[in-house]
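Peer 1: Structure below; questions to follow.
The values are calculated or read from the model by the stated rules, or taken from the named source; none is laboratory data. All values derive from a computational prediction rather than experimental measurement. When we count neighbours, we look across all protein chains shown, and the Cβ atoms used for this are built from the backbone with ideal geometry, even at glycine.
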Ligand code: T46
């Protein structure tokens with residue numbers, strides 16, 4: 001079955017000590033983690049992303065604020081996903097052009113990735129991305 005971008009509800013338990021969130025890879029999130037990275041201190045008016053991946057799958061969380069992520073399938077469909085809670089994560093399959101907008105300098109974008117860093121997996125030119133999706 002083709003994988004689609006989707007918001008995943010992250011389980012949480014709240015008690016008088018605060019909140020704990022948890023999820024498990026391969027059971028609830030259908031890939032194995034090979035890499036974790038996080039993006040912080042993004043100033044207003046600076047977007048990140050503007051590229052697609054050929055194979056990489058990712059799970060993205062916004063810690064301490066809001067991140068809006070636009071995903072474009074290169075076939076005429078664009079969707080904006082809003083991460084505004086620790087109880088939500090965005091699953092991003094391979095093959096989507098992404099643009100990330102950070103709501104504040106304080107928010108941290110935490111990413112769990114299915115592969116190690118490989119610049120050859122990136123498509124950083126939008127025209128190339130459209131051609132890649134057509135082929
Ligand atoms: C993505 C979005 C959400 C590395 O050397 N190793 C790494 O694991 C990563 C993620 C990046 N880098 C280097 C590559 C560039 O020289 O860090 C520099 C900045 O990366 P980039 O311009 O790709 O950053 P973003 O924020 O535009 O994109 C990142 C991820 O690269 C990308 O996979 O989906 O976050």
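Peer 1: Restricting the search to the range 84-103, which residues are over 17 Å from residue 53 (Cα atoms) and touching a residue at least 60 places away in the same chain (Cβ under 8 Å)? Talk me through it step by step, then tell me what you get.
Peer 2: So in the range 84-103, the residues over 17 Å from residue 53 (Cα atoms) come out as 84-89, 101-103.
86, 87, 88, 89, 102 - these are the residues of the range 84-103 that are over 17 Å from residue 53 (Cα atoms) and touching a residue at least 60 places away in the same chain (Cβ under 8 Å).
Peer 1: Sort out which residues of the range 24-52 are on the phi < 0 side of the Ramachandran plot, in contact with a strand residue (DSSP E or B) (Cβ under 7 Å, 6 or more places away or on another chain) and either in a strand (DSSP E or B) or at pLDDT below 95 (or both), and write them in order of number.
Peer 2: Once the filter is applied, which keeps residues that are on the phi < 0 side of the Ramachandran plot, in contact with a strand residue (DSSP E or B) (Cβ under 7 Å, 6 or more places away or on another chain) and either in a strand (DSSP E or B) or at pLDDT below 95 (or both), the range 24-52 yields 29, 35, 36, 37, 38, 39, 48, 51, 52.
Peer 1: Sticking with this one: Anything in the range 35-49 that is near the ligand (Cβ under 10 Å from one of its atoms) and surrounded by 13 or more Cβ atoms within 10 Å (Cβ to Cβ)? List them, or say none.
Peer 2: Once the filter is applied, which keeps residues that are near the ligand (Cβ under 10 Å from one of its atoms) and surrounded by 13 or more Cβ atoms within 10 Å (Cβ to Cβ), the range 35-49 yields 35, 39, 42, 47, 48, 49.
Peer 1: Here is a further query. Limited to the range 100-122, what total is found for residues that are within 18 Å of residue 38 (Cβ to Cβ) and in contact with a strand residue (DSSP E or B) (Cβ under 8 Å, 6 or more places away or on another chain)? Let's see the steps before the verdict.
Peer 2: Our first condition is that a residue be within 18 Å of residue 38 (Cβ to Cβ); within the range 100-122, this holds for 100-117.
With in contact with a strand residue (DSSP E or B) (Cβ under 8 Å, 6 or more places away or on another chain) added as a condition, the list becomes 100-103, 107-117.
Final tally of qualifying residues: 15.
Peer 1: Here's something else I'd like to know. Test residue 10 against the stated conditions and say whether it is more than 19 Å from residue 66 (Cα to Cα), more than 13 Å from the ligand (Cβ to nearest atom) and in contact (Cβ under 8 Å) with a residue 12 or more places away in the chain. Lay out the reasoning, then the answer.
Peer 2: Values: more than 19 Å from residue 66 (Cα to Cα): no; more than 13 Å from the ligand (Cβ to nearest atom): yes; in contact (Cβ under 8 Å) with a residue 12 or more places away in the chain: yes.
No, not satisfied.
Peer 1: Among the residues of the range 59-76, is there at least one that is in a loop (DSSP other than H, G, I, E, B), modelled with pLDDT of 95 or more, within 11 Å of the ligand (Cβ to nearest atom) and under 20 Å from residue 28 (Cα atoms)? If you could, list the steps in order and put the result at the bottom.
Peer 2: Restricting attention to the range 59-76, the residues satisfying the condition of being in a loop (DSSP other than H, G, I, E, B) are 64-66, 73-76.
If we keep only those that are modelled with pLDDT of 95 or more as well, we get 64-66, 73-76.
Still in the running and within 11 Å of the ligand (Cβ to nearest atom): none.
Looking for residues that are in a loop (DSSP other than H, G, I, E, B), modelled with pLDDT of 95 or more, within 11 Å of the ligand (Cβ to nearest atom) and under 20 Å from residue 28 (Cα atoms), one finds none in the range 59-76, hence no.
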